[in-house]
Amino acid sequence: MQVVKIGGSILKNKEDLNLIKQKLIDCHNCIIVTSALKNVTNMLIEAYETKNTGIIDSIYHMHTDMIQLDSNIISTLAGIREELKKLVVQENSPSLRDHIISYGERMSTLLLYNFFKDNGVNASYIIEPLLVTDNNYGDSSCLMDETARKIKNCVFGDFTIVPGFYGTTIEGNITTVGRGGSDYTAMVLASILNCDVRIITDVPGIMTSDPKLFKNSRTLAEVSLSEVLKMSYFGVKNFNYKTFMPVLGTDINITVESLYVDSVTRITKKPVNSIKCVAMTNYGRKDRKNMLVFIGHGLSDPSISRDIISKIGKDHLYHMDSLSLSILVDEDLIKHSNYFEEAPLWIK
């Protein structure tokens, strides 16, 4: 058995679906954790905030126009549309917001099931959430023991599609686990079922830096679990900070791979003495100033750390520990464009 997470960034048209099919052509005994279609969660949030029911119609048509759907699936989606229209006009509350935005994953589950079934895959789906969570709306955490009992009572087929991102409390209230929550859902399932995880997305694995900012960015072949935990804390690749917590202490194999190119990052328990990543972030700063964050076991090597600090100057150093080094990016540094060009070259 393996868990495969499909990101919303690769759920935008029929061409993506065909590429996903090719990617999973040899996948058997799989649980497919799906995100909402690209932009749907944002649209649901906008509908909740503005009370604009027309947005719900647009979301409905995004699904029904992507592929030819069975009449039963269309009927179910139409029922969801009417339910959402009733929900978005209600008085705002954290619980209502989570209830509304959870429908993105429900709708994509139905669409993927329809697509795979029509393409000869022995597919099934579970539309109800598998996670049992606490009551922290918008950023809930999984209650592992309760979730394990629930999952072990589920019947998974050869190719089962399930929604990520949301769960229910013990009392049955719907919660969401935060942005990037489908990755977290996949890790919870893999931990409980003791199986490997594939995260399929639009980028070529985990990269040394954001290719939009650094032209010398490259894909990392291997990253340790401790490093990727630090990356998720700083928001690298939009990982939810909780994503990898469920698999700590396990021997589960995790890969992050691109739908569009042949490129994979493997996440392992083995640390490698190098600097792995540069992130641009303003995480945790009240003034919202940007930082560059270097992550990697190589920072425990004083010569590597000294080399970086000597290039940037101590005045720009914000924080340093054995696994991360944070640099404030102020106007002085921004003026020196070569600083940004050279940063990825410091990665050993």
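The values are calculated or read from the model by the stated rules, or taken from the named source; none is laboratory data. Keep in mind the model is a prediction, meaning the values are calculated, not measured. Counting neighbours? That spans all protein chains shown, and the Cβs are built from the backbone with ideal geometry, glycine included. The protein model used for the area step is the full one, side chains on, heavy atoms only, and it has no ligands, DNA or RNA in it. Shrake-Rupley method; radii C 1.70, N 1.55, O 1.52, S 1.80 Å.
So is Arg106 open to solvent by less than 50 Å² (accessible area, probe 1.4 Å) and basic (Lys, Arg) or not? Let's see the steps before the verdict.
On the way: open to solvent by less than 50 Å² (accessible area, probe 1.4 Å): yes; basic (Lys, Arg): yes.
The answer is yes for Arg106.
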Quiz item: Cβ-Cβ below 7 Å, separation at least six or inter-chain, first residue in the stretch 236-259 and more than 16 Å from Leu220 (Cα to Cα), second in a loop (DSSP other than H, G, I, E, B) and basic (Lys, Arg): which pairs?
Solution: Asn238/Arg179; Asn240/Arg179
Self-check item: the stretch 181-206 - residue that is out of contact with any Ser or Thr (no Cβ under 7 Å at 6 or more places or on another chain) and assigned to a loop (DSSP other than H, G, I, E, B) and, of those, least open to solvent (accessible area, probe 1.4 Å)
Solution: Cys195
Quiz item: What residue, among those in the stretch 45-68 that are more than 27 Å from the chain's Cα centre (by Cα) and outside any helix (DSSP H, G or I), is nearest to Asn114 (Cα to Cα)?
Solution: Gln68
Exercise. Filter the stretch 56-86 down to residues that are in contact (Cβ under 8 Å) with a residue 24 or more places away in the chain and either of a type in the set (Gly, Ala, Ser) or over 18 Å from Lys12 (Cα atoms) (or both) and give me whichever is surrounded by the fewest Cβ atoms within 10 Å (Cβ to Cβ).
Key: Asp70
Practice problem: Please work out if Glu83 is more than 18 Å from Arg179 (Cβ to Cβ), of a type in the set (D, E, K, R) and not in a helix (DSSP H, G or I). | Solution: no
Quiz item: Do the conditions hold for Ile170, that is, is it in contact with an Asp or Glu (Cβ under 7 Å, 6 or more places away or on another chain) and surrounded by fewer than 21 Cβ atoms within 10 Å (Cβ to Cβ)?
Solution: yes
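For the stretch 21-41, what are the residues that are within 21 Å of Gly104 (Cα to Cα) and either touching a residue at least 40 places away in the same chain (Cβ under 8 Å) or loosely packed, with under 14 Cβ neighbours inside 10 Å (or both)? Walk me through it before giving the result.
Initial filter on the stretch 21-41 (within 21 Å of Gly104 (Cα to Cα)): 21, 31-41.
Result: Lys21, Ile31, Ile32, Val33, Thr34, Ser35, Ala36, Leu37, Val40, Thr41.
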Quiz item: Would you call Leu229 aliphatic (A, V, I, L, M), within 25 Å of Ser326 (Cα to Cα), free of Cβ contacts under 8 Å to residues at least 24 places away in the same chain and open to solvent by less than 50 Å² (accessible area, probe 1.4 Å)?
Solution: yes
Quiz item: If you go through the stretch 87-100, how many residues are in a helix (DSSP H, G or I) and either open to solvent by less than 40 Å² (accessible area, probe 1.4 Å) or touching a Pro at 6+ places or on another chain (Cβ under 8 Å) (or both)?
Solution: 5
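Would you check if there is a residue in the stretch 207-222 being open to solvent by 20 Å² or more (accessible area, probe 1.4 Å), over 24 Å from Gly249 (Cβ atoms), acidic (Asp, Glu) and touching a helix residue (DSSP H, G or I) at 6+ places or on another chain (Cβ under 6 Å)? Give the derivation first.
Keep residues of the stretch 207-222 that are open to solvent by 20 Å² or more (accessible area, probe 1.4 Å), which gives 207, 210-213, 215-219, 221-222.
Those left that are additionally over 24 Å from Gly249 (Cβ atoms): 207, 210-213, 215-219.
Cutting the leftovers down to acidic (Asp, Glu) gives us 210.
Subset that is touching a helix residue (DSSP H, G or I) at 6+ places or on another chain (Cβ under 6 Å): none.
No, there is no match, as no residue in the stretch 207-222 is open to solvent by 20 Å² or more (accessible area, probe 1.4 Å), over 24 Å from Gly249 (Cβ atoms), acidic (Asp, Glu) and touching a helix residue (DSSP H, G or I) at 6+ places or on another chain (Cβ under 6 Å).
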Quiz item: Going through the stretch 88-116 one residue at a time, which ones are in contact (Cβ under 8 Å) with a residue 24 or more places away in the chain and either more than 20 Å from the chain's Cα centre (by Cα) or more than 17 Å from Thr41 (Cβ to Cβ) (or both)?
Solution: Val88, Val89, Asn92, Pro94, Ser95, Leu96, Tyr113, Asn114, Phe115, Phe116
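Could you tell me whether the stretch 151-165 includes any residue that is polar (S, T, N, Q) and under 15 Å from Val3 (Cα atoms)?
Within the stretch 151-165, the subset polar (S, T, N, Q) is 153, 160.
Checking the rest, the ones that are also under 15 Å from Val3 (Cα atoms) come to 160.
Within the stretch 151-165, one or more residues are polar (S, T, N, Q) and under 15 Å from Val3 (Cα atoms).
So in the stretch 23-57, with the set limited to residues that are in contact with a Leu (Cβ under 9 Å, 6 or more places away or on another chain) and not hydrophobic (A, V, I, L, M, F, W, C), which one is farthest from Leu96 (Cα to Cα)? Steps first, answer last, please.
In the first step, residues of the stretch 23-57 are kept if they are in contact with a Leu (Cβ under 9 Å, 6 or more places away or on another chain); the result is 23, 30-38, 40, 44, 47-48, 53, 55-56.
Applying the additional criterion that residues be not hydrophobic (A, V, I, L, M, F, W, C) yields 23, 34-35, 38, 48, 53.
Values: Lys23: 36, Thr34: 22, Ser35: 19, Lys38: 22, Tyr48: 8, Thr53: 15 Å.
Ranking the candidates gives Lys23 first.
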Quiz item: Is the stretch 131-139 home to any residue that is open to solvent by 40 Å² or more (accessible area, probe 1.4 Å), within 12 Å of Thr34 (Cβ to Cβ) and either touching a Cys at 6+ places or on another chain (Cβ under 8 Å) or not in a helix (DSSP H, G or I) (or both)?
Solution: no
